[in-house]
Amino acid sequence: MVVVGGGPTGENVASRAVEGGLTAVLVEHELLGGECSYWACMPSKALLRDTEVLAEAAALPGAAAAVTGRVDVRAVLDRRDAFTSHWRDDGQVAWAEGAGIAVVRGHGRLAGERRVVVEGAYEGSQPLELRARHAVVLATGSVAAVPPVPGLREARPWTSREATSAEQVPEHLVVVGGGVVGCEMSTAWSRLGARVTLLNRGDRLLPGLEPFAGELVAQRLRDGGVDVRLGASPAAVRRDGDGPTTVVLEDGAEVTGDALLVATGRRPATADVGLDAVGLEPGSYLDVDDTLRVAGVPWLYAAGDCNGRNLLTHMGKYQARCCADAVVARSRGEQASPDDRWARWTATADAGACPSVVFADPQVGTVGRTEAAAREAGLRVRCVEVDLNGVSGASLLGDDDAGRAKLVVDEDRRVVVGATFAGRGTAELLHSATVAVVGEVPLERLWHAVPSYPTVSEAWLRLLEAYGL
Ligand SMILES: Cc1cc2nc3c(=O)[nH]c(=O)nc-3n(C[C@H](O)[C@H](O)[C@H](O)COP(=O)(O)OP(=O)(O)OC[C@H]3O[C@@H](n4cnc5c(N)ncnc54)[C@H](O)[C@@H]3O)c2cc1C
Ligand SMILES: NC(=O)c1ccc[n+]([C@@H]2O[C@H](COP(=O)([O-])OP(=O)(O)OC[C@H]3O[C@@H](n4cnc5c(N)ncnc54)[C@H](O)[C@@H]3O)[C@@H](O)[C@H]2O)c1
């Protein structure tokens, strides 16, 4: 197997293929470990953690009295740098080689059936041609999308890369985009000392989630001093040299900051991977079936961000396991049908059972469908919501607003098809909902899954009672 792209997805495809008895080559043109390790999940969560602990302490009078100093920003950044291995990938390369994967440095492009040409593989070397016996897997990920706002690109804004790797706290950070990156990075940098203005095009933050999630996060950001502006979209951007950057909004208002972060989504890293050589459209998300096989090209697979299914590390790694297992099964002559819903090679969870956590304040854990998405999918649903202030375990964690939880129930099957928890400690609670959704556990049976007292998990009991059990 030849894998192009050594992020979390590519690494996992290759290692599982080797475990399945194939040989695998992994082609990477930057750092082995991908976006997640160096400019996304790990550094962003490291930037958030210290001040999250301080905020938890601040919600408890006794602990708050003991926290009298200021956050040590340098120590936070140093810890973040350690989590990124100081942007070096020696450890990842050693792991890959130890796992029996051949790592090739350079830029990979498809060059025909089962063929990948790698440029810059060795200094001064001719392009290296790799031929896969069984499959080529694209795991090239995604890059930040910068919208075509006049002057924006020329202003050299921060993308998520600079926002997660900055070595100094900006005095005034202007953030465009109130999605996951915008909310997490506004939380992190405002708590590390920046003045933050968050410009959100729509009328609520975190637009893909249940409305209360974005409302709670907006409230906490405002409580923390962030200027959250809804319905605010940039019409133009100005910057003189290395000076401050001014965003002109559609209503004519102007906001000037010494750093501007564009957090308006991603685009697939597929513009320069030779898709045209196999009759596919460069720059597009790759259309795959549930075994991650690209439509119309039986030897080509695409997993992780580059197929646009769910842009999350854990889902990329899940797809990697399914993809590798499908290739291994097919190499043994098995059919590995994508219609075999619960086969280990079928990425069934991609549709309808994807979990994710937004590490803002409050944490928002969500799995499956929101009410709006379930209705749009034609499901006959009934939803219940509870205030977590009424859950002893949740209110014990702090004296501020404990948050909210919601279940989306498919009335025809009486199973949970979606859950959202927004509140302290809910990131770790989420997996219980994932098990309920994937397991299609009937409500009557869930009633017997007794949450321990006093834990945040008692939200389940309150939700089931609210449903009428
Ligand atoms: C700020 C931020 C925070 C995030 N936080 C989380 C989080 O907390 N939890 C979570 O689950 N997800 C999070 N994500 C999403 C997560 O980072 C991605 O879903 C994940 O990195 C996707 O993994 P991947 O392997 O598919 O792609 P990537 O991580 O993008 O890796 C792709 C790799 O392919 C290489 N490559 C690309 N083209 C070529 C080529 N032609 N030849 C050779 N190599 C190539 C790249 O250099 C890269 O190393 C976050 C994203 C951002 C931006
Ligand atoms: N904790 C996590 O799991 C985590 C953290 C960060 C990122 N991620 C992943 O990375 C992906 C990308 O995150 P993101 O925040 O960049 O994208 P996003 O899709 O979550 O949010 C983009 C935001 O930008 C706004 N927007 C888009 N175009 C705009 C424009 N022209 N002008 C103004 N606003 C505009 C949208 O309305 C939306 O609010 C996420 O979808 C998620 O899958 C995950």
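The values are calculated or read from the model by the stated rules, or taken from the named source; none is laboratory data. Note that the structure is a prediction, hence the values are computed from the model and not measured. A quick note on method: Cβ atoms are made from the backbone with ideal geometry, for glycine too, and the neighbour counts reach across all protein chains shown. For accessibility, only protein heavy atoms count, side chains too; no ligands or nucleic acids. Shrake-Rupley method; radii C 1.70, N 1.55, O 1.52, S 1.80 Å.
Summary table below
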quantity	calculated
Leading residue by the ranking (surrounded by the most Cβ atoms within 10 Å (Cβ to Cβ)) among those in segment 207-226 that are acidic (Asp, Glu) and free of Cβ contacts under 8 Å to residues at least 12 places away in the same chain	GLU215
One residue from ALA372, ALA394, ALA377, ALA351 being of a type outside the set (Ser, Thr, Tyr), in contact with a helix residue (DSSP H, G or I) (Cβ under 8 Å, 6 or more places away or on another chain) and at pLDDT 95 or above	ALA394
Spans of helices (runs of 4 or more DSSP H) in segment 400-469 with at least 2 residues open to solvent by 10 Å² or more (accessible area, probe 1.4 Å), hydroxyl-bearing (Ser, Thr, Tyr) and assigned by the TED database to the domain that holds ALA374	426-439
Checking SER337 against (1) polar (S, T, N, Q); (2) surrounded by fewer than 22 Cβ atoms within 10 Å (Cβ to Cβ); (3) under 19 Å from GLY6 (Cβ atoms), the condition it does not meet	(3)
Within segment 214-331, strands (runs of 3 or more DSSP E) holding 3 or more residues that are under 30 Å from LEU22 (Cβ atoms) and within 27 Å of the chain's Cα centre (by Cα)	300-302
So GLY378, is it closer than 25 Å to PRO442 by Cβ and either touching a residue at least 12 places away in the same chain (Cβ under 8 Å) or out of contact with any Pro (no Cβ under 6 Å at 6 or more places or on another chain) (or both)	yes
Elements of type helices (runs of 4 or more DSSP H) in segment 1-88, at least 3 residues being away from ligand 1 (no atom under 16 Å from the Cβ), free of Cβ contacts under 8 Å to residues at least 12 places away in the same chain and of a type in the set (A, V, I, L, M, F, W, C)	41-58, 61-66
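Here is a yes/no grid of residues against (1) among the aromatic types (Phe, Trp, Tyr); (2) surrounded by fewer than 24 Cβ atoms within 10 Å (Cβ to Cβ); (3) more than 16 Å from ligand 2 (Cβ to nearest atom):
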| site | (1), (2), (3) |
| --- | --- |
| ALA17 | no, no, yes |
| GLY20 | no, yes, yes |
| GLY33 | no, no, yes |
| PRO43 | no, no, no |
| GLU52 | no, yes, no |
| GLU56 | no, yes, yes |
| ALA63 | no, yes, yes |
